[in-house]
Amino acid sequence: MDRNALVPVMAVAIVNGIFSPWVLMVFLFYPVWYPAWAPPLSQIVYMASALILSTMTIMLAGVPAALYERWSAQPRSIVVSSIWLAGTVLLTLPALPNVVRALSGG
């Protein structure tokens with residue numbers, strides 16, 4: 001797969017990590033995953049939570065693309081990229097109200 005195809009996938013995943021309603025759940029469980037030696041500043045914990053959620057979005061959205069690559073006789077790179085991007089956009093749908101709210105200034 002072309003590396004340039006990952007740029008939109010990563011961009012959408014970052015938006016999901018920042019604006020998803022699930023980031024609060026990851027944030028609240030920080031005692032489980034956050035290292036004890038790091039200072040528990042809320043800004044740092046929030047950024048790490050967003051990074052974890054972005055990474056999970058990329059991983060989950062890549063599953064259908066990987067299955068297509070595995071089961072297809074001759075997988076095409078553009079189809080793999082499209083499936084991965086579609087999965088990322090689908091996982092980002094719950095974050096859209098927060099994105100709209102942030103863009104409207106409200």
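No lab work stands behind these numbers, since they all come straight from the coordinates. What you see is a predicted model; the values in this text were computed from it and never measured. Positions of Cβ are backbone-derived with ideal geometry, glycine not excepted, and every protein chain shown enters the neighbour counts.
Can you tell me the length gained on complete extension of the stretch VAL79 to VAL32, counting 0.36 nm per residue apart and subtracting the Cα distance?
Length difference between fully extended and current span is 13.2 nm.
Across 10 Å bins from 0, what is the distribution of all Cα-Cα pair distances for the chain, in whole percents?
Over the chain, the share of Cα pairs per 10 Å bin runs 15, 38, 28, 15, 3, 0 percent.
For the chain, which longest stretch is free of loop sites, where a loop site is one of the chymotrypsin sites (Phe, Trp or Tyr not before Pro) that DSSP puts outside H, G, I, E and B and that has at most 14 other Cβ atoms within 10 Å?
38-106
Can you give the relative contact order of segment 1-88 as a percent, counting alpha carbon pairs under 8 Å and 6+ residues apart?
Over segment 1-88, the number comes to 41 percent.
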